[in-house]
Amino acid sequence: MVSQAAIQPEPQPILACTVSRDVQVFDLLIEDMENAMGEGWGDLGFEDALAFLGQAEADSLQFIAVALDHEDESDLGRVTEVISAAKSRGIKVILITEDLSPSAIHTLLRQGGDEFLPYPLPEGELGHAIERVMKAPEPIAVVEEKKPTLAPTNDRSGVVIGVQGMSGGVGATTLAVNLAWELANVDKKSPHRVCLIDLDLQYGSTSTYLDLPRRDAVLEMLTDTENMDSEVFLQALQPFKEQLYVLTSPPELIPVDLIGPDDVARILEMAEANFDYVVVDMPSVMVEWSQTVLEASAVYFGVTEMDMRCAQNIVRLKRALSAEELPVEKMRYVLNRAPKFTDLNGKSRVKRLGESLGISVEVQLPDGGKQVTQSNDHGTPLAETAGRNPLRKEIAKLAKSVHDVNLQDAAESKG
């Protein structure tokens, strides 16, 4: 009789590893890894990780999740060695950090981190991050980079115009992009130098709306504003049709607090010295340097819609500005997708909205319809693709109004 040994299942290959000082410090990460990888993952300390990544067994690894907190910041050299060893073998790196400084995170991203996630992780976010890093990159078309052709002047007195959405999706970036373009073309006989700055560092869309690539030069400038001069600033900009100059958001997803009030003040100072108008597209959240932009702005447009989320955010914003004694009088509220002129019922609702919030809705922009989405997706201002669009016409009027006020103020200051 022939005996057969019981067939033993082959052990599941290790496809991923967490790397940390002590994984028990990141106990929620253990649960997330189990949900995402089952039993196909392991855990290593930094020294063990370096040794393992030098062995053939590491060939099965798809990614490592490097978990760090503030105690690891004093020993980033060892962490960067692990990242470099992983990248040399083609292994993806997901950074998971808690209370790590923005400069440390930036260093690790530059070293080769593919994704950055805050700890504790939002539910399901680790799985999404794994999908993103493991997705095969799409072929990148070779595009000739557009270099700024203007030289520093350092003799302008740029008018800063802030644009912030009172909630996501209200059309603040659409207004900022098209307002900047209209200002660049408001006086054909005497063109003005206009700069558009995207300070929505994580999800800024000005590059998409103007079909401009995101460049490493932006991130390099943001992380070293102390050594920035006009030439460095202008080199970080990209021209759009040689009429508008744009500082896009960085190519990498970076912490919003990577820059501080002093950094933003230096950027605005350089922009004001070299441009006539500076339009700043702000994130929809309030950050430490929001005050810097508000105080530097001649006017600060708060873009809103007629819904409860925007109304509640306006109340909170007004309360915060008043509590900090900030110049709330600079706020000008812009109602996007406003009721049509013939909609008397809608006009009445707008009036009641302003009265209930204690604000004046000074600008009402009509719904531009599908042409707005198409224009944004094609990377072209509305004036270029849909000149007769009602939204484009109102933004052009707004730009003319801003320009006329600026000319009047300039004349009065001279007189």
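The values are calculated or read from the model by the stated rules, or taken from the named source; none is laboratory data. For clarity, every value in this text was computed on a predicted model and none was experimentally measured. When we count neighbours, we look across all protein chains shown, and the Cβ atoms used for this are built from the backbone with ideal geometry, even at glycine. Just so you know, the surface numbers come from the protein's heavy atoms only, side chains and all, with ligands and any DNA or RNA stripped out. Shrake-Rupley method; radii C 1.70, N 1.55, O 1.52, S 1.80 Å.
Can you tell me which of 207, 284, 190 is closer than 30 Å to residue 112 by Cβ and of a type outside the set (A, V, I, L, M, F, W, C)?
Just a single option satisfies the conditions, and that option is 207.
Out of curiosity, is residue 334 closer than 21 Å to residue 402 by Cα, open to solvent by less than 30 Å² (accessible area, probe 1.4 Å) and modelled with pLDDT of 90 or more?
Criteria met by residue 334.
Scanning the range 87-107 for residues that are open to solvent by less than 20 Å² (accessible area, probe 1.4 Å) and touching a Phe, Trp or Tyr at 6+ places or on another chain (Cβ under 8 Å), which turns out farthest from residue 223 (Cα to Cα)?
The extreme case among them is 91.
Against the definition (out of contact with any Pro (no Cβ under 8 Å at 6 or more places or on another chain) and surrounded by fewer than 18 Cβ atoms within 10 Å (Cβ to Cβ)), how does residue 47 come out, yes or no?
When the stated conditions are applied, residue 47 passes them.
Quick one: residue 48 ticks every box in (1) touching a helix residue (DSSP H, G or I) at 6+ places or on another chain (Cβ under 7 Å); (2) without any contact (Cβ under 8 Å) to a residue 12 or more places away in the chain bar one, so which box is it?
(1)
Of everything in the range 345-363, what is over 15 Å from residue 307 (Cβ atoms), open to solvent by 40 Å² or more (accessible area, probe 1.4 Å) and in contact (Cβ under 8 Å) with a residue 24 or more places away in the chain? Give them in sequence order.
Answer for the range 345-363, where residues must be over 15 Å from residue 307 (Cβ atoms), open to solvent by 40 Å² or more (accessible area, probe 1.4 Å) and in contact (Cβ under 8 Å) with a residue 24 or more places away in the chain: 358, 360, 362.
Examine the range 236-252 for a residue that is touching a residue at least 24 places away in the same chain (Cβ under 8 Å) and part of a helix (DSSP H, G or I), and state whether such a residue exists.
No.
State all residues of the range 264-308 that are of a type in the set (D, E, K, R) and open to solvent by 40 Å² or more (accessible area, probe 1.4 Å); if no residue qualifies, say none.
266, 269, 272, 288, 295, 307
Considering only residues of the range 188-246 that are under 23 Å from residue 110 (Cβ atoms) and of a type in the set (Lys, Arg), which is surrounded by the most Cβ atoms within 10 Å (Cβ to Cβ)?
215
Any residue at all in the range 66-85 that is at pLDDT 90 or above, touching a Gly at 6+ places or on another chain (Cβ under 9 Å) and part of a strand (DSSP E or B)?
yes
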